[in-house]
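Report on the structure given below.
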Amino acid sequence: MTDKKEENTVQEEIAYQSMAEFLESTPPNQSVHISDLVDSDYRVMYSSNATIMNKPEIQLHCSHESCNGNRFFRCISTERIYLDTEKYSHFYLTYRCSNCQKNKKIFSLAAKVDADGSSCGECYKYGELPIYGPPVPSRLIKLIGQDREEFLKGRRCENQGLGIGAFVYYRRVVENQKNRIIGEIVKVSERIGAPEDKIKPLRDAIKETQFSKALEMAKDAMPESLLINGHSPILLLHSALSEGVHALTDEQCLELASSIRVVLGELSERLSQALKDELELTRALSTLMHHKKANK
């Protein structure tokens, strides 16, 4: 009696995902219990108990120029995948964007169905192509310049929960691109007419070869339009990157790495927006000045 109660408790604690949730949001190298692993529509349509793999419609980010956002993807793998109860079936599923009909996502999976005749089972995700995770904003890619591949390596580490690896890659990117990042801040400062005593520390930071010292010099010379919730992004980066990786756990490194990526992404957006706003203001002033002269 006790054993049955314990067994029921274990079963109740099992967390199930839908197949769509699994494909959309589960990182590689994980096995998950799936509530709709078997295609129930096929069973109903053909009055069959066949354990055919479910291939639901999913929503993913599509980077195609005609999409550039979340779109519906549908499976274009037409073969029927029969699942076993004793061993895993190994297969690929290819999905294509229903909007642009161009971009694809390929999943490498293994699955087996429960032996109780239900639609539940287990699915393991080996990997996916393009790689798992939200897209890196194009403005951030532009900001980090030649270190794009290093940054994407860090992103892959972060996606897989490898905190130390992600932290080390992101730190390397910021160190390598220190002058480029601060140079963009100088550009914004000059465009908005910031006083020279605010711009000089930034220029001095570019000349400084010691990374930590350069960030220290630049942290308080930030235009207000680039502040993130009232905080200097350089100060935030300096605080995170000054931590010694050997003094941190992998979980702490992962948390810091994620924060570094988010701050860099937000800084890249604010830099772009500040320069865009200034350009639009310059054009507007030019238009009004020409209009005024024409009416004299």
(message) At 0.36 nm per residue, and after removing the present C-alpha to C-alpha distance, how many nm does the segment from Lys200 to His64 gain when stretched out fully?
(response) 44.8 nm
(message) Compute the angle between helix 196-207 and the longest alpha-carbon principal axis of the chain, please, reported from 0 to 90 degrees and rounded to the nearest 10.
(response) 60
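Starting from the Cα-Cα distance between Ser31 and Thr209, subtract it from 0.36 nm times their residue separation and give me the gain in nm to one decimal.
On the way: separation 178, 0.36 × 178 = 64.08 nm, distance 4.65 nm.
Stretched out fully, the Ser31 to Thr209 stretch lengthens by 59.4 nm.
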(request) First check a/c for the range 60-183, with a ≥ b ≥ c the square roots of the eigenvalues of its C-alpha gyration tensor; if it is under 1.5, answer rounded, and if not, answer prolate when a/b is larger than b/c or oblate otherwise. (result) oblate
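Please list His33, His238 in order of solvent-accessible area, largest first, computed with a 1.4 Å probe with all protein chains present. Working shown, then result.
Numbers: His33 55, His238 35 Å².
Most to least solvent-accessible, the answer reads His33, His238.
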(request) Mind pulling the angle between the C-alpha long axis of helix 250-294 and the longest principal axis of the chain? Nearest 10 degrees, somewhere in 0 to 90. (result) 50
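Quick check: at a probe of 1.4 Å, how many percent of the accessible area of the chain sits on carbon and sulfur atoms?
Details: 8500 of 17200 Å².
Carbon and sulfur: 49 percent of the exposed surface of the chain.
Enter the accessible area per residue of the chain (Å², integer; probe 1.4 Å; all protein chains in place).
Working: 17200 Å² over 296 residues.
Each residue of the chain exposes 58 Å² on average to a 1.4 Å probe.
Rounded, prolate or oblate: which one fits the chain, using the alpha carbon gyration tensor with axes a ≥ b ≥ c (rounded when a/c is under 1.5, else prolate when a/b beats b/c, else oblate)? Could the numbers behind the result be given before it?
On the way: a/c = 3.34, a/b = 1.89, b/c = 1.77.
It comes out prolate by the Cα gyration axes.
Would you list Met53, Met45, Met222 from the most to the least accessible area, probe 1.4 Å? Each step should come with its number before you reach the end.
Working: Met53 5, Met45 135, Met222 25 Å².
Order by accessible area, largest first: Met45, Met222, Met53.
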(request) Please list Tyr82, Tyr42, Tyr88, Tyr16 in order of solvent-accessible area, largest first, computed with a 1.4 Å probe with all protein chains present. (result) Tyr82, Tyr16, Tyr88, Tyr42
(message) For a quick check of understanding: with a 1.4 angstrom probe and all protein chains in place, what accessible area in square angstrom does Asp197 have, to the nearest ten?
(response) 110
(message) Just to confirm the number: angle between the C-alpha axis of helix 163-176 and the first principal axis of the chain, 0 to 90 degrees, nearest 10?
(response) 30
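Using a ≥ b ≥ c from the Cα gyration tensor of the range 111-184 (square roots of the eigenvalues), is it rounded, prolate or oblate, where a/c under 1.5 gives rounded and otherwise the larger of a/b and b/c decides, a/b for prolate?
Details: a/c = 4.98, a/b = 3.07, b/c = 1.62.
In terms of gyration-tensor shape, prolate.
Can you give the calculated 222 nm mean residue ellipticity of the chain, where each DSSP H run of n ≥ 4 adds -39,500 (n - 2.57) and the sum is split over every residue, rounded to the nearest 500 deg cm²/dmol? Walk me through the numbers on the way to the answer.
Values: 11 runs with 147 residues, N = 296.
Mean residue ellipticity, 222 nm, calculated: -16000 deg cm²/dmol.
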(request) Ignoring everything but the protein chains, give the 1.4 Å probe accessible area of Phe72 in square angstrom, nearest 10. (result) 100
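The values are calculated or read from the model by the stated rules, or taken from the named source; none is laboratory data. Everything quoted here is computed from the prediction, not taken from an experiment. Note: accessible area is taken over every heavy atom of the protein model, side chains too, but ligands, DNA and RNA are not part of it. Shrake-Rupley method; radii C 1.70, N 1.55, O 1.52, S 1.80 Å.
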